[in-house]
Amino acid sequence: MRFIKTKDYEDMSRKAANIIGAQIILKPTSVLGLATGSTPVTTYANLVKGYQNGDLDFSRISSVNLDEYKGLTRDNEQSYYYFMNHHLFKHVNIDPAKTYLPDGTEPDANKACQDYEEAIFATGGVDLQLLGIGHNGHIGFNEPSDNFADKTFCVDLAESTIKANQRFFASYEDVPKQAYTMGIGTIMAASKILILASGKDKAAIIKEAFFGPVTPAVQASILQFHPNVTIVGDEAAFAECEEIF
Ligand code: F6R
(Lines give C-alpha, C1' and ligand atoms only; values in the text may rest on other atoms or scores of the structure.)
Protein backbone atom coordinates (compact mmCIF):
# COMPACT_ATOMS: atom_id res chain seq x y z
CA MET A 1 0.00 0.00 0.00
CA ARG A 2 1.18 3.49 -0.81
CA PHE A 3 0.45 6.19 1.76
CA ILE A 4 0.42 9.87 0.77
CA LYS A 5 0.03 12.36 3.60
CA THR A 6 -1.33 15.77 2.71
CA LYS A 7 -1.51 18.98 4.69
CA ASP A 8 -5.28 19.25 4.79
CA TYR A 9 -8.52 18.45 2.95
CA GLU A 10 -7.80 20.90 0.10
CA ASP A 11 -4.34 19.43 -0.45
CA MET A 12 -5.78 15.89 -0.35
CA SER A 13 -8.40 16.85 -2.91
CA ARG A 14 -5.87 18.39 -5.31
CA LYS A 15 -3.56 15.39 -5.11
CA ALA A 16 -6.45 12.94 -5.56
CA ALA A 17 -7.66 14.85 -8.61
CA ASN A 18 -4.11 14.82 -10.00
CA ILE A 19 -3.97 11.02 -9.65
CA ILE A 20 -7.38 10.56 -11.30
CA GLY A 21 -6.45 13.16 -13.92
CA ALA A 22 -3.25 11.29 -14.73
CA GLN A 23 -5.32 8.12 -15.19
CA ILE A 24 -7.61 9.96 -17.63
CA ILE A 25 -4.66 11.41 -19.57
CA LEU A 26 -2.74 8.13 -19.72
CA LYS A 27 -5.81 6.07 -20.66
CA PRO A 28 -8.55 8.24 -22.18
CA THR A 29 -10.92 5.24 -22.32
CA SER A 30 -10.57 4.52 -18.60
CA VAL A 31 -13.38 3.07 -16.53
CA LEU A 32 -13.47 5.07 -13.30
CA GLY A 33 -15.06 3.65 -10.18
CA LEU A 34 -16.57 6.57 -8.29
CA ALA A 35 -17.73 7.26 -4.74
CA THR A 36 -20.11 9.71 -3.12
CA GLY A 37 -20.02 11.18 0.41
CA SER A 38 -18.36 14.32 1.73
CA THR A 39 -14.77 13.24 1.17
CA PRO A 40 -14.54 13.35 -2.67
CA VAL A 41 -16.56 16.56 -3.20
CA THR A 42 -13.57 18.87 -3.72
CA THR A 43 -11.71 16.18 -5.68
CA TYR A 44 -14.60 16.28 -8.14
CA ALA A 45 -14.47 20.10 -8.17
CA ASN A 46 -10.79 19.88 -9.12
CA LEU A 47 -11.55 17.39 -11.89
CA VAL A 48 -14.14 19.84 -13.22
CA LYS A 49 -11.44 22.55 -13.23
CA GLY A 50 -9.16 20.16 -15.10
CA TYR A 51 -11.86 19.75 -17.74
CA GLN A 52 -12.52 23.48 -17.94
CA ASN A 53 -8.87 24.36 -18.43
CA GLY A 54 -8.51 21.78 -21.18
CA ASP A 55 -6.34 19.26 -19.33
CA LEU A 56 -8.95 16.54 -19.01
CA ASP A 57 -11.20 15.02 -21.64
CA PHE A 58 -13.98 12.78 -20.34
CA SER A 59 -15.50 12.02 -23.75
CA ARG A 60 -14.30 8.41 -23.81
CA ILE A 61 -14.42 7.79 -20.05
CA SER A 62 -16.96 5.43 -18.45
CA SER A 63 -17.87 5.47 -14.79
CA VAL A 64 -19.41 3.02 -12.36
CA ASN A 65 -20.45 4.11 -8.89
CA LEU A 66 -20.11 2.08 -5.75
CA ASP A 67 -23.65 2.26 -4.53
CA GLU A 68 -27.14 3.75 -4.59
CA TYR A 69 -29.93 3.97 -2.03
CA LYS A 70 -32.77 1.54 -2.65
CA GLY A 71 -36.02 3.35 -3.34
CA LEU A 72 -34.69 6.77 -4.36
CA THR A 73 -35.33 8.08 -7.85
CA ARG A 74 -32.56 9.78 -9.82
CA ASP A 75 -34.13 13.20 -9.36
CA ASN A 76 -34.24 12.82 -5.55
CA GLU A 77 -31.61 15.24 -4.25
CA GLN A 78 -30.32 12.58 -1.84
CA SER A 79 -29.84 9.92 -4.50
CA TYR A 80 -26.28 9.16 -5.42
CA TYR A 81 -27.12 9.69 -9.08
CA TYR A 82 -28.18 13.24 -8.23
CA PHE A 83 -24.95 13.73 -6.24
CA MET A 84 -22.75 12.56 -9.11
CA ASN A 85 -24.59 14.65 -11.64
CA HIS A 86 -24.47 17.71 -9.39
CA HIS A 87 -20.76 17.43 -8.51
CA LEU A 88 -19.27 15.99 -11.68
CA PHE A 89 -21.22 14.61 -14.61
CA LYS A 90 -23.11 17.72 -15.69
CA HIS A 91 -19.95 19.85 -15.56
CA VAL A 92 -17.75 17.69 -17.81
CA ASN A 93 -18.05 16.10 -21.24
CA ILE A 94 -18.72 12.56 -20.00
CA ASP A 95 -21.34 10.66 -22.01
CA PRO A 96 -24.34 10.21 -19.64
CA ALA A 97 -25.00 6.82 -21.26
CA LYS A 98 -21.62 5.67 -19.95
CA THR A 99 -22.22 6.67 -16.31
CA TYR A 100 -23.51 3.70 -14.35
CA LEU A 101 -25.03 3.45 -10.88
CA PRO A 102 -27.21 0.70 -9.45
CA ASP A 103 -30.89 1.35 -10.23
CA GLY A 104 -32.34 2.42 -6.87
CA THR A 105 -35.86 2.34 -8.32
CA GLU A 106 -35.68 -1.37 -9.19
CA PRO A 107 -37.69 -3.09 -6.43
CA ASP A 108 -36.41 -6.55 -7.34
CA ALA A 109 -33.09 -6.62 -5.52
CA ASN A 110 -31.77 -9.69 -7.35
CA LYS A 111 -32.47 -8.08 -10.70
CA ALA A 112 -30.97 -4.72 -9.71
CA CYS A 113 -27.78 -6.36 -8.46
CA GLN A 114 -27.37 -8.75 -11.36
CA ASP A 115 -28.04 -5.99 -13.91
CA TYR A 116 -25.38 -3.87 -12.23
CA GLU A 117 -22.75 -6.61 -12.22
CA GLU A 118 -23.47 -7.14 -15.93
CA ALA A 119 -23.13 -3.41 -16.61
CA ILE A 120 -19.76 -3.32 -14.84
CA PHE A 121 -18.59 -6.42 -16.70
CA ALA A 122 -19.65 -4.87 -20.02
CA THR A 123 -17.43 -1.83 -19.39
CA GLY A 124 -14.43 -4.16 -19.40
CA GLY A 125 -13.60 -3.64 -15.72
CA VAL A 126 -12.63 -0.77 -13.46
CA ASP A 127 -9.21 0.81 -14.04
CA LEU A 128 -9.21 3.06 -10.99
CA GLN A 129 -11.65 2.78 -8.09
CA LEU A 130 -12.07 5.79 -5.82
CA LEU A 131 -13.14 5.01 -2.24
CA GLY A 132 -13.99 6.82 0.95
CA ILE A 133 -14.10 4.95 4.24
CA GLY A 134 -16.89 4.89 6.84
CA HIS A 135 -16.21 5.29 10.56
CA ASN A 136 -17.00 1.61 10.95
CA GLY A 137 -14.60 0.67 8.14
CA HIS A 138 -17.23 0.24 5.45
CA ILE A 139 -16.30 0.70 1.79
CA GLY A 140 -19.19 1.19 -0.56
CA PHE A 141 -21.94 0.06 1.78
CA ASN A 142 -20.17 -3.13 2.83
CA GLU A 143 -20.97 -2.92 6.51
CA PRO A 144 -19.17 -4.81 9.30
CA SER A 145 -20.12 -8.46 9.00
CA ASP A 146 -18.81 -11.96 9.53
CA ASN A 147 -18.05 -12.39 5.84
CA PHE A 148 -17.04 -10.45 2.74
CA ALA A 149 -19.70 -10.13 0.02
CA ASP A 150 -18.51 -11.01 -3.43
CA LYS A 151 -20.84 -9.31 -5.91
CA THR A 152 -23.25 -6.36 -5.86
CA PHE A 153 -25.96 -6.97 -3.26
CA CYS A 154 -28.80 -5.34 -1.35
CA VAL A 155 -27.58 -4.30 2.08
CA ASP A 156 -29.39 -3.38 5.28
CA LEU A 157 -27.52 -0.28 6.36
CA ALA A 158 -25.91 -0.31 9.80
CA GLU A 159 -27.55 1.85 12.43
CA SER A 160 -24.36 3.96 12.65
CA THR A 161 -24.43 4.53 8.87
CA ILE A 162 -28.09 5.57 8.93
CA LYS A 163 -27.29 8.02 11.74
CA ALA A 164 -24.20 9.34 9.90
CA ASN A 165 -26.26 9.90 6.74
CA GLN A 166 -29.15 11.51 8.58
CA ARG A 167 -27.41 14.89 8.23
CA PHE A 168 -28.48 14.93 4.58
CA PHE A 169 -32.16 14.14 5.23
CA ALA A 170 -35.01 15.95 6.96
CA SER A 171 -35.42 13.20 9.56
CA TYR A 172 -34.24 9.74 10.58
CA GLU A 173 -37.40 8.25 9.04
CA ASP A 174 -36.49 9.73 5.66
CA VAL A 175 -33.08 8.01 5.49
CA PRO A 176 -33.29 4.88 3.31
CA LYS A 177 -32.54 1.78 5.33
CA GLN A 178 -31.29 -0.29 2.39
CA ALA A 179 -28.93 0.25 -0.53
CA TYR A 180 -27.51 -1.58 -3.50
CA THR A 181 -23.75 -1.75 -3.25
CA MET A 182 -20.85 -3.30 -5.08
CA GLY A 183 -19.56 -6.25 -3.10
CA ILE A 184 -16.01 -6.53 -1.83
CA GLY A 185 -15.22 -8.90 -4.70
CA THR A 186 -16.44 -6.31 -7.21
CA ILE A 187 -14.32 -3.61 -5.55
CA MET A 188 -11.24 -5.82 -5.31
CA ALA A 189 -11.46 -6.56 -9.05
CA ALA A 190 -10.44 -2.96 -9.87
CA SER A 191 -6.92 -2.68 -11.24
CA LYS A 192 -6.07 0.23 -8.96
CA ILE A 193 -7.66 1.58 -5.80
CA LEU A 194 -7.47 5.14 -4.51
CA ILE A 195 -8.75 5.73 -0.96
CA LEU A 196 -9.32 9.22 0.41
CA ALA A 197 -9.57 10.10 4.08
CA SER A 198 -9.79 13.45 5.79
CA GLY A 199 -10.27 14.61 9.36
CA LYS A 200 -9.44 13.38 12.83
CA ASP A 201 -12.67 11.42 13.06
CA LYS A 202 -11.18 9.01 10.48
CA ALA A 203 -7.84 8.57 12.30
CA ALA A 204 -8.83 5.53 14.39
CA ILE A 205 -10.41 3.61 11.52
CA ILE A 206 -7.47 4.33 9.18
CA LYS A 207 -5.12 2.76 11.69
CA GLU A 208 -7.43 -0.20 12.36
CA ALA A 209 -8.24 -0.92 8.71
CA PHE A 210 -4.76 -0.65 7.23
CA PHE A 211 -2.50 -1.61 10.14
CA GLY A 212 -4.75 -4.07 11.96
CA PRO A 213 -5.81 -7.62 11.10
CA VAL A 214 -7.74 -8.33 7.90
CA THR A 215 -11.27 -9.07 9.06
CA PRO A 216 -14.83 -8.69 7.75
CA ALA A 217 -15.59 -6.80 10.96
CA VAL A 218 -13.57 -3.99 9.31
CA GLN A 219 -14.40 -4.46 5.65
CA ALA A 220 -11.78 -2.00 4.32
CA SER A 221 -9.05 -4.15 5.88
CA ILE A 222 -9.33 -6.52 2.89
CA LEU A 223 -7.66 -3.81 0.80
CA GLN A 224 -4.37 -4.81 2.46
CA PHE A 225 -4.51 -7.78 0.07
CA HIS A 226 -5.03 -5.68 -3.08
CA PRO A 227 -1.84 -5.27 -5.13
CA ASN A 228 -2.29 -1.61 -6.08
CA VAL A 229 -3.72 0.64 -3.37
CA THR A 230 -2.95 4.30 -2.76
CA ILE A 231 -4.28 6.06 0.32
CA VAL A 232 -4.29 9.84 0.22
CA GLY A 233 -5.10 11.21 3.63
CA ASP A 234 -4.60 14.46 5.41
CA GLU A 235 -2.50 14.92 8.56
CA ALA A 236 -5.54 14.57 10.79
CA ALA A 237 -6.63 11.27 9.22
CA PHE A 238 -3.11 9.86 9.56
CA ALA A 239 -2.70 11.17 13.13
CA GLU A 240 -2.55 7.65 14.60
CA CYS A 241 -0.13 6.34 11.94
CA GLU A 242 2.88 8.48 12.82
CA GLU A 243 5.25 5.49 12.61
CA ILE A 244 4.92 5.18 8.82
CA PHE A 245 5.94 8.74 7.97
C1 F6R B 1 -19.97 6.46 -0.86
C2 F6R B 1 -19.72 5.28 -0.07
C3 F6R B 1 -19.29 5.32 1.37
C4 F6R B 1 -18.49 6.57 1.76
C5 F6R B 1 -18.18 6.54 3.25
C6 F6R B 1 -17.45 7.78 3.71
O7 F6R B 1 -20.35 6.11 -2.18
O8 F6R B 1 -19.89 4.23 -0.57
O9 F6R B 1 -18.53 4.17 1.65
O10 F6R B 1 -17.32 6.63 1.02
O11 F6R B 1 -19.37 6.42 3.99
O12 F6R B 1 -18.30 8.86 3.60
P13 F6R B 1 -17.79 10.35 3.83
O14 F6R B 1 -16.89 10.68 2.69
O15 F6R B 1 -19.06 11.19 3.81
O16 F6R B 1 -17.10 10.37 5.15
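The values are calculated or read from the model by the stated rules, or taken from the named source; none is laboratory data. Computed from a prediction, not measured in an experiment: that's the story for all the values here. All Cβ positions, even for glycine, are placed from backbone atoms using ideal geometry, and neighbour counts span all protein chains on display. Accessible surface is based on the protein model in full, side chains and every heavy atom, while ligands, DNA and RNA are left aside. Shrake-Rupley method; radii C 1.70, N 1.55, O 1.52, S 1.80 Å.
Here the stretch 147-188 is treated as a sphere whose radius is the Kirkwood value from Cα pairs; by Stokes-Einstein at 25 °C and 0.890 mPa s it diffuses with a coefficient of 219 µm²/s.
Annotation: amide H of K192 within the under-5 Å range of L128, Q129, sequence separation 5 or more or interchain, hydrogens built in the peptide plane.
Rounded to the nearest 20 debye, the dipole magnitude of the chain is 660 debye, with +1 charges on Lys and Arg beta carbons, -1 on Asp and Glu beta carbons, and the Cα centre as origin. Averaging the sequence gap over all C-alpha pairs within less than 8 Å and six or more residues apart, then dividing by the number of residues, gives the chain a relative contact order of 25 percent. On the basis of the beta-carbon distance and an R0 of 25 Å, Y172 and E10 show a calculated FRET efficiency of 0.20.
Computed from the C-alpha gyration tensor, the three semi-axes of the ellipsoid equivalent to the stretch 169-215 are 25, 19, 11 Å, from longest to shortest.
Compare I25, I184, I120 in a GNM of the chain, Cα atoms joined below 10 Å, and give the one with the largest fluctuation. Checking each option, the largest mean-square fluctuation is seen for I25. Using a probe of 1.4 angstrom and keeping all protein chains present, the accessible surface of the stretch 1-54 works out to 46 square angstrom per residue.
Rounded to whole numbers, the Karplus 3J(HN,Hα) couplings from phi for the stretch 175-183 are 6, x, 9, 9, 8, 9, 9, 3, x Hz, using 6.51 cos²θ - 1.76 cosθ + 1.60 with θ = phi - 60°, and x at Gly and Pro. Label sites at A119 and F3, each approximated as a point 7 angstrom past Cα along Cα to Cβ, lie 3.6 nm apart.
Within the chain, all pairs of alpha-carbon atoms sorted by distance into 5 Å bins from zero give the percentages 1, 7, 14, 19, 21, 19, 13, 6, 1, 0. Solvent-accessible area of the stretch 50-183 (1.4 angstrom probe, protein heavy atoms only): carbon and sulfur portion equals 48 percent.
Dipole magnitude for the stretch 127-245: computed about the Cα centre from +1 point charges on Lys and Arg Cβ and -1 point charges on Asp and Glu Cβ, it is near 200 debye. For q = 0.11, 0.13, 0.16, 0.17 Å⁻¹, what log10 I(q)/I(0) does the stretch 9-147 give under the Debye formula with an equal point scatterer on each alpha carbon and no solvent? Once normalised to I(0) and log-transformed, intensities are -0.40, -0.56, -0.85, -0.97. Membrane-span-like helices in the chain: DSSP H runs reaching 18 Å or more (Cα, own axis), mean Kyte hydropathy at least 0.0? Going by DSSP H runs, the hits are 9-26.
For the stretch 30-109, the C-alpha radius of gyration divided by 2.2 N^0.38 Å, with N the number of residues, is 1.09.
Based on the Cβ-Cβ distance of D108 and D150, what FRET efficiency does E = 1/(1 + (r/R0)^6) give at R0 = 22 Å, to the nearest 0.05? So, using R0 = 22 Å, E works out to roughly 0.70. Size of the stretch 10-59: Rg and Dmax of its alpha carbons, in Å, are 10.3, 28.
Taking the helices alone, the chain has a mean residue ellipticity at 222 nm of -9000 deg cm²/dmol, built from -39,500 (n - 2.57) per DSSP H run of at least 4 residues and averaged over all its residues. The mean sequence separation of alpha-carbon pairs under 8 Å and at least six residues apart, normalised by the residue count of the stretch 98-156, gives a relative contact order of 32 percent. At a Förster distance of 22 Å, what's the computed FRET efficiency of D95 paired with N18, Cβ-Cβ distance as r, to 0.05? Calculated transfer efficiency: 0.40.
Put a plus charge on the Cβ of each Lys and Arg, a minus charge on the Cβ of each Asp and Glu, and nothing anywhere else: the dipole of the stretch 82-170 about its Cα centre is then about 460 debye. Here the stretch 12-40 and the stretch 136-213 have alpha carbon centers that stand 19 Å from each other. Globularity index of the stretch 83-189 is 1.12 (Cα radius of gyration / 2.2 N^0.38 Å, N = number of residues). Convex hull volume per residue, computed on the Cα atoms of the stretch 108-245, equals 113 Å³.
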